[in-house]
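Reviewing the structure listed below.
Bear in mind these aren't lab numbers, they're just calculated from the coordinates by the rules spelled out. The structure presented is a predicted model; accordingly, all values stated were derived computationally and were not measured. Methodologically, a virtual Cβ is constructed for each residue, glycine included, from the backbone with ideal geometry; neighbour enumeration extends over all protein chains shown.
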Amino acid sequence: MKILLLGGTEFVGRAIAEEFKKAGHDLTLFTRRLKGDRKNPADLDKVAKSTKWDLVIDNLGYTKSDMEILVKAFAGRTGRLFFTSTVSVYRYSNRRFYQPLNEEDVQYGFTPKDEDPSNVHWQYARGKLEAEAYLTSQKEIPWTIFRPSPVYGPFDNKNRVFWYLTRLIQGGPILLGNGGVQSFRLCFSEDLARAYRSAAEKDSTKNQIYYLAQFEIVTLRQLLELSAEALKAPVEFLSLPEELLGELSGPLGNLQNFIPNIAKAQHELEYRPTPFEEFCTLTAKWFRDQWKGNEKELLTTRDEELTLAHKWKNKVPPQFNG
């Protein structure tokens, strides 16, 4: 297949690119640095006209307008369009007892009572939702939508889990809001890439939506305990009320607890996620041995955390932490 990948040099895009190249497909990358600007209609139109594409994979679309210009550029010029959405669109489900969620439980016309248009996380979810709604309503290009949980693995450029790994390696207490009991699924980057390739090679996946994640449901504390074991790092947890921590709880401290169902991907994509223990351990060791990021940027609040930890230790009996 002749494939155009919008965003293929970092993390998720990198994993997808490597998977398709490994399978022998003809892959072209479109990024700001290589071929143009995803938000510039002229750049999209130019690459669309350059050849006939079998598949366009969009990792860089975030809003309805992003999707509109993409469809306009590639209508009649590609056989198929893949869109990387997000698990965050499950904010738009009105199921009262909603776990686990299925793909059809996202409702494009639903506005939750707690939606906050000024909040960056709601803005992100709303943008992806409206992009999905437009893509599924248009008839110009067959499409497939993927809704991964937070993606994790080597080369992760979001640093959500790496924020904690830096602290594990440095030593000292890790502050956990309410004990780190929030539950979630991550999505291993290599599993996601294999799912994209599988979907591309099946006509039956056209005009379908798939949720992608690990099989296991884990807590933040379990994620950190396993990571500490992989790093051979001693770990000390301090449990504090979430409302006391704010940003000091880290990138996963306030993670929305969505547990959708991966059965559709398992059945239709032969999706077999890597065991959590395997990819969590692999990624922790990669971070320790190969990560080249800016450690200081991940530790900007560390002094404040340690000050709070010292105060908290003097107030709370030791049996409530550990």
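Identify which of the listed values of Cα Rg over 2.2 N^0.38 Å was calculated from the structure shown: [x] 1.15; [y] 1.05; [z] 1.00.
[y]
Return the sequence-ordered ³J(HN,Hα) values of the stretch 246-255 in whole Hz as given by the Karplus equation 6.51 cos²θ - 1.76 cosθ + 1.60 applied to θ = phi - 60°, using x for Gly and Pro.
x, 5, 6, 7, x, x, 9, x, 10, 4
Among LYS202/LYS292; LYS158/LYS296; LYS39/LYS292; LYS21/LYS206; LYS2/LYS72; LYS232/LYS292, which pairs are too far apart, with a Cα-Cα distance over 27 Å?
Numbers: LYS202/LYS292 38 Å; LYS158/LYS296 15 Å; LYS39/LYS292 29 Å; LYS21/LYS206 22 Å; LYS2/LYS72 19 Å; LYS232/LYS292 20 Å.
Listed pairs above 27 Å: LYS202/LYS292; LYS39/LYS292.
Would you list, by chain and number, the aspartates and glutamates whose Cα falls below 15 Å from the Cα of LYS285, excluding same-chain residues fewer than 8 positions away?
Result set, ordered by chain and number: ASP156, GLU225, GLU229, GLU277.
Rounded, prolate or oblate, given the Cα gyration tensor of the stretch 9-57, with a/c below 1.5 counting as rounded?
On the way: a/c = 2.81, a/b = 1.42, b/c = 1.98.
Oblate.
Going 7 Å from the Cα of ARG160 along its beta-carbon direction, which residues of the stretch 189-227 have the amide nitrogen within less than 17 Å of the resulting point?
Once the point is set 7 Å along Cα→Cβ of ARG160, 189-193, 211-225, 227 turn out to lie under 17 Å by backbone N, inside the stretch 189-227.
Cα atoms only: what Rg and Dmax, in Å, come out for the stretch 226-322?
Here Rg and the maximum Cα pair distance are 17.8, 54 Å.
Taking 45 Å as R0, compute the FRET efficiency from the Cβ-Cβ separation of LEU299 and ALA263 and round it to 0.05. If you can, show how the numbers build up before the last one.
Details: r = 40 Å, r/R0 = 0.90.
Taking R0 as 45 Å, the efficiency between LEU299 and ALA263 is 0.65.
Can you give me the Cα centroid spacing of the stretch 154-201 and the stretch 226-277 in angstrom?
6 Å
Leaving out same-chain residues fewer than 8 places away, which lysines sit with a Cα under 20 Å from that of LYS113?
By straight Cα distance, LYS113 reaches LYS128.
Note the full-extension length gain between TRP122 and THR281 as 0.36 nm times their separation in residues minus their Cα-Cα distance, in nm to one decimal.
Working: separation 159, 0.36 × 159 = 57.24 nm, distance 3.14 nm.
Result: 54.1 nm gained on full extension.
What is the angle, in °, between the Cα long axis of helix 11-22 and the longest principal axis of the Cα atoms in the chain? Nearest 10 is fine, range 0 to 90.
Helix 11-22 sits roughly 50 degrees off the main axis of the chain.
Taking the Cβ of ARG197 as the centre, find all other residues whose Cβ is under 12 Å away and add up their charges (Lys, Arg: +1; Asp, Glu: -1). It would help to have the intermediate numbers written out before the result.
Details: positive: LYS21, LYS22, ARG194, LYS202; negative: GLU18, GLU19, GLU190, ASP191, GLU201, GLU270.
Spelling it out: positives minus negatives among the neighbours equals -2.
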